[in-house]
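Following: one structure in structure tokens, then a few remarks.
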Amino acid sequence: MRAILLGFALGVVWLQQQVRLPGAIVWCACGAAFAIATMLGVKKPRVPGVRVASFAVAACALGFAYAAMRAEVRLREQLPVEYEQRDIELTGFVRGLPQQAPDGARILFEVEANGAGLRDFPRLVRLSWIAGEVAPRLLAGERWTLTARLKRPHANANFGLRDAEATLLERGIRATGYVSTARAPHRLHADASGPRLMIDRLRARFRDRIETVLADAPQRGIVVALAVGAQDAVSEADWAVMRATGTSHLVAISGLHIGFVAGLAALIAGFVWRRVRVRGVSAPLIVSTPKMAACAALACAACYAALAGFNVPAQRTLWMLLIVALAFLGGRRPSSSLVLLWALAFVLIGDPWAVTSAGFWLSFCAVAAILHAMAAAGRVESRVQPDDDDDLDQWDRADPSEVGQRPQSVIERRPLALASRNIARTIARTVARFGARARRRAASGARVQYAMTIALAPLTVYWFSQIPLLGPLANAFAIPWISALVTPATLAGLLLPAPLDAPVLRLAHAALSVLCDVLARLADAAPSSLWLLPRPGAFALAAACVGVAWALAPRGWPLRWAAPLTWLPLLAPALHPVPAGAFRVTALDIGQGSALVVETARHALLFDAGPGPESTHAGERIVVPYLQAAGVRALDALVVSHSDSDHAGGAPAVLQSIAVRQLLASLPPQDALWSDARTRGASALRCAAGQRWNWDGVEFRMLWPEPGPLAGKPNHQSCVLKVTNAAGRSALFAADIEADVERMLIARDANALRADVLIVPHHGSRTSSTEPFLDSVGPSAAIFQVGYRNRFHHPHPTVFARYRMRDIVLSRSDEDGAARIEIGSRITFERYRQSHARYWMAR
């Protein structure tokens, strides 16, 4: 059975790696593989293991086919390209928990009817509702008729970062957009109903109660997250502390919290049930106390998982509890590994795209590691068979003989002494027994923490490019503190009516504040405790996983001491630097804006940092994570071409997270970025034409702006940088210059503009990329950094056609994602959406 369940999961994972959904030939091959493997398994072959392998292959084919069928159904709901960014009237209702903001809200909207009359219209869309002076207070189930402008599901696609489009597909969101002001939204009288909406309304009510009681309390967002699973109110400062200490998982309603609630419910239900009498008959005589406790635990776990929104860790825990409870009620005791695998299968049946999320892998692998470590320890203990009572009973082994050797008259004359001695023996036995139990529990807790730390390290590096070294220490007290104090107090505050809930919720917040203060002090005491590592490849990840299983094997396993050797590709990766005399350019997909990473053999430069908090947070959301995933620990230079927010907005996030040695920028003297860079130890210099430097045989030359005071609009002041390798091949970064600057550069020195690769000026606007400029540059490849369906309509159709007429190799970030160019003796071009294509892209 284990092989069948694993085979099914492997088939689902295999489908999610496909470039396209299976066609007729693949479907026939899959059906043939299933039929042949099933027949071989049924015939009971003589060769050992063939039957198990046959059923595993059949299950793999079944999982592949099931996931493909689900994908076909979900992708059928699609917004036609010609209807993007058009006003469409929608009628439907609000789902989930709306994310409220002072200027509006972000909601999930389930569409019941669309004004375009489209048949396969997306059923679930995500909308931004920007209000006027007063933001609408939206609740789950409210029916509205509104006008929206939609786009197909699209997200930034970058090397080494998570695929956000897969997340949209998993959640069933098949279009995104905003509520248009073309027609005022109209609230309908009849609200939608259903169990899911009832849960969403309850979650919203609980969230409002907490926000009313705690108001502006600093850790209010964490209390809300522990209560209803909504993490949007958690502050950036709290996230930073938890990331540094490896305790981010405690903010979500995870399996740990649900398991604790189930255990607490079982204890309370058992205590109450033993004292209940039904018509004079004790309740345990009708239904046994353990069975009633199991039912209560399952019911409470289901309620708490519903408050969490049924995320993947909550689903995993709930399925495991359900399987264990049903087996217990049926008088059976399944193995832990079988319970975990059944839960894995049920989660994938409900959500085949769960395998694309970090939470899925972290949740299941953590439980698997704990079970593996505990089973290994149990096998060792069963062989050794320690008996703690041997030490405890030593008080009794000597005393009977001593008593028997004494005269009866002496014993009778000293009753007080004997009583005192018996009391001392009892106390000593109790203390010794308590100490032995405490040692066993401490050893078990240390074993579990060790197993989780070792097992999750490779996955943490893969998904987040880091290992929090403080994680084991911080979790050792944070997990019990959250489980024993914060979570029970939070749930008690939700169950109690007003005004009794206020003191309990404030108590939960006070306990949480103490924990956050301790974690913050711990993070400040060890500022370099976050071990940043490049995102590992398939070989490094596989080798590390083998090493994990090897390290967690039972004592006596051959060469277990050598397990850390398998982690060397992960912890000490062999980076692939650019050869001397060559350079690599990575044009990141950050939406509407610019961010380019230039790498030589031993140096790195970032040209612009994308939008900041005023827009898409691309600096902290994309640029910094990419640099960390690529193994760039320090930037030798950060060039900020000009002050427009889509180029300079992400620079503060880069300065905060990445060591920067020098800032080159074309910014006004009063810009805060200058002082921020100097405060962090970077030298600051205004970029000007004539500046040159050489790294590893690669020349960097600044062509614009003119030295002297800045004049004109920011686009006119943009830094223009040319990078040339030892072979004479070059790339030109033109920032946001327009036709007037292009003419001046041509008049000064047209030959200096000659380049093989051009980062298109001003995102391809019609005020740039003039014919004389393109003739002077003569590029063989050009990159447009533009946002998908951006409001500026970049690139302009005329400009884009101008490039195509010259037979230039083109890349657009809105269509190709990030682009990577290796410029050495020859030029190699890689587009993310081609080299990392998946079937849901452009669908």
### Task
Residue by residue through the range 495-525, note down the ones that are surrounded by 14 or more Cβ atoms within 10 Å (Cβ to Cβ) and of a type in the set (K, R).
R506
### Message
Test of understanding: among R86, R70, which residue is touching a helix residue (DSSP H, G or I) at 6+ places or on another chain (Cβ under 7 Å), over 17 Å from R203 (Cα atoms) and in contact (Cβ under 8 Å) with a residue 60 or more places away in the chain?
### Response
R70
### Test: A659 is in contact with a strand residue (DSSP E or B) (Cβ under 9 Å, 6 or more places away or on another chain), surrounded by fewer than 17 Cβ atoms within 10 Å (Cβ to Cβ) and in the same structural domain as F607 (by TED's automatic domain parsing)
yes
### Message
Against the condition in contact with a Pro (Cβ under 7 Å, 6 or more places away or on another chain) and surrounded by fewer than 19 Cβ atoms within 10 Å (Cβ to Cβ), how does L710 come out, does it pass?
### Response
yes
### Message
Anything in the range 752-770 that is more than 26 Å from A727 (Cα to Cα) and in contact with a Pro (Cβ under 8 Å, 6 or more places away or on another chain)? List them, or say none.
### Response
H763, G764, S765, S768, S769
### Query
Looking at this structure, is A377 among the small types (G, A, S) and modelled with pLDDT under 85?
yes
### Message
Condition first: surrounded by fewer than 20 Cβ atoms within 10 Å (Cβ to Cβ), within 35 Å of the chain's Cα centre (by Cα) and modelled with pLDDT under 90. Now tell me which residues in the range 261-308 satisfy that.
### Response
G263, L264
### Query
Which of the following residues is touching a Leu at 6+ places or on another chain (Cβ under 7 Å), under 24 Å from S513 (Cα atoms) and among the charged types (D, E, K, R): R174, R220?
R220
### Task
Output the residues belonging to the range 543-587 that are within 27 Å of R831 (Cβ to Cβ) and either among the basic types (K, R) or under 20 Å from the mean Cα position of the chain (by Cα) (or both).
R584
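Quick check on the range 122-137. Is at least one of its residues in contact (Cβ under 8 Å) with a residue 24 or more places away in the chain, in a loop (DSSP other than H, G, I, E, B) and out of contact with any strand residue (DSSP E or B) (no Cβ under 7 Å at 6 or more places or on another chain)?
Among the residues of the range 122-137, at least one is in contact (Cβ under 8 Å) with a residue 24 or more places away in the chain, in a loop (DSSP other than H, G, I, E, B) and out of contact with any strand residue (DSSP E or B) (no Cβ under 7 Å at 6 or more places or on another chain), which makes the answer yes.
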## Note on the structure
Picking from V777, V786, V741, the residue that is touching a residue at least 12 places away in the same chain (Cβ under 8 Å) and within 37 Å of the chain's Cα centre (by Cα) would be V786
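The values are calculated or read from the model by the stated rules, or taken from the named source; none is laboratory data. This one's a predicted model, so the numbers in the text were calculated from it and none came from an experiment. As a convention, Cβ positions derive from the backbone with ideal geometry for all residues, glycine included, and neighbour counts pool all protein chains shown.
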